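Below: one structure, written as structure tokens.
The values are calculated or read from the model by the stated rules, or taken from the named source; none is laboratory data. In this text, all values refer to a predicted model and were calculated from it rather than measured experimentally. Because the Cβ atoms are built from the backbone with ideal geometry, glycine has one as well, and the counts that use them run over all protein chains shown. Calculation scope for accessible area: heavy atoms of the full protein, side chains included, ligands and nucleic acids excluded. Shrake-Rupley method; radii C 1.70, N 1.55, O 1.52, S 1.80 Å.
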Amino acid sequence: MHVVVTGASVGIGEAFAREFKKRGATLSLIARRKDKLAALAQELGGDITVIGADLVDPKAAQAALVQAESERGPVDVLVNNAGVQIIAPAAETDPDAGEDLLDLNVATPLRLIRHALPSMLARGSGTIVNVASMAALSPVPGMLYYNASKGGLANASEALRGELWGTGVNVVTVYPGPVHTDMGTKGIAKYEQSPAAGLAPWGTSDELARLVVRAVELRQARVIYPRAYSVSLLFPNLSRWFSLKFAPRLKGGGPA
Ligand SMILES: NC(=O)c1ccc[n+]([C@@H]2O[C@H](COP(=O)([O-])OP(=O)(O)OC[C@H]3O[C@@H](n4cnc5c(N)ncnc54)[C@H](OP(=O)(O)O)[C@@H]3O)[C@@H](O)[C@H]2O)c1
């Protein structure tokens, strides 16, 4: 099983690499920090393709996937995990950085799907994993571009699963709530403390990776983690209202 993981140098992507390796997968790992990927590959026993690429550029991303295929064969599992977050008042967000975020978080995953899908369809098997966010179900004030990106990716991912029904190709959409990684820790530090934020459950990369690999194996549709956030699917309006009403304010008096 050839598994390609984007954004595998740290955090959730690194945990995906470890978990798939435990299941005996052949890995191709992509991120900008090739040294970190190489160190991870060595720790996991070597014989892993590591590719340094800036995935903001969808063409560089596609070239990375071509390299992974030429070294390890057709992709069986494509994990679109790489992502960035911008937390700032909407009126102060740099639009160029915001559009880079949209490229990395949405355009690149869609391009990689477009590249990998014909071969998966021809073989009648394969899985596409798209790491969205709880922000797709309950958007959080203070993340203009991030909310747009994760809502867009999740929507595309859920509909693609329906489109591919009966083809043998499965799509798993992942909705992490807050997870202890660089992104999670830096993100929460941008908000003021609040009672509601204090109650929000946090998860770990390792447990999320375990649940996602199991979802791939069981051909499940989605993973919401920590599980308490599943309430967002059952009561979407209530969950959205709660998120907008009780979201903590941005530090520095921002309008979120
Ligand atoms: N942590 C959370 O609380 C949380 C919650 C919801 C959703 N998520 C989503 O989960 C995914 C992983 O998040 P994380 O928490 O593990 O974040 P992280 O610790 O910041 O790691 C992000 C990964 O993406 C890679 N990346 C960033 N920019 C890149 C670029 N231009 N080109 C190639 N790779 C790039 C990074 O590698 P390099 O820097 O080496 O390139 C790194 O491997 C993201 O899509 C994120 O939106 C996270």
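On the beta carbon distance between S70 and L233, with R0 = 41 Å, the FRET formula returns roughly 0.55.
Between the Cα long axis of helix 236-246 and the first principal axis of the chain there is an angle of about 50°, rounded to the nearest 10.
Computed with the Debye formula from one identical point scatterer per Cα of the range 6-150, without solvent, the log10 of I(q)/I(0) at q = 0.10, 0.18 Å⁻¹ comes to -0.35, -1.05.
In the context of the full set of protein chains, the chain has a per residue accessible area of 46 Å² (1.4 Å probe). Solvent-accessible area of the range 1-72 (1.4 angstrom probe, protein heavy atoms only): carbon and sulfur portion equals 46 percent. All distinct Cα pairs of the chain go into the 1/r average, and the inverse of that average, the Kirkwood radius, is 18.5 Å. Rounded to the nearest 10 degrees, the angle from helix 34-43 to the longest Cα principal axis of the chain is 70 degrees.
Run the helix sum for the chain: -39,500 (n - 2.57) per DSSP H stretch of 4+ residues, divided by residue count, reported at 222 nm to the nearest 500 deg cm²/dmol.
Values: 11 runs with 122 residues, N = 256.
Result for the chain, helices only: -14500 deg cm²/dmol.
Amide hydrogen proximity for A53: with H placed 1.01 Å from N in the peptide plane, the residues at 5 or more positions away or on another chain lying under 5 Å are A31, R32. In the distance distribution for the range 96-240, Cα-Cα pairs more than 21 Å apart total 46 percent.
Take every pair of alpha-carbon atoms less than 8 Å apart whose residues are at least six positions apart; their mean separation over the length of the range 38-193 yields a relative contact order of 24 percent. Decide, for the range 171-250, between rounded, prolate and oblate: order the square roots of the alpha carbon gyration tensor eigenvalues as a ≥ b ≥ c, take rounded if a/c falls under 1.5, and otherwise choose prolate if a/b is larger than b/c, else oblate. Oblate, since a/c reaches 1.5 and b/c is not below a/b.
Which number do you get for Rg(Cα) / (2.2 N^0.38 Å) in the range 51-108?
On the way: Rg = 14.1 Å, N = 58, 2.2 N^0.38 = 10.3 Å.
Relative to the rule-of-thumb radius for its length, the range 51-108 sits at 1.37.
Helix 58-72 and the longest principal axis of the Cα set of the chain meet at an angle near 40°.
List the equivalent ellipsoid semi-axes of the range 10-76 in whole Å, largest first, each obtained as the square root of 5λ for an eigenvalue λ of the Cα gyration tensor. Intermediate results must be reported in sequence, preceding the final value.
Working: eigenvalues 68, 41, 21 Å².
Result for the range 10-76: semi-axes of 18, 14, 10 Å.
The order of the peptides 209-221, 20-32 by mean Cβ neighbours within 10 Å, most packed first, is 20-32, 209-221.
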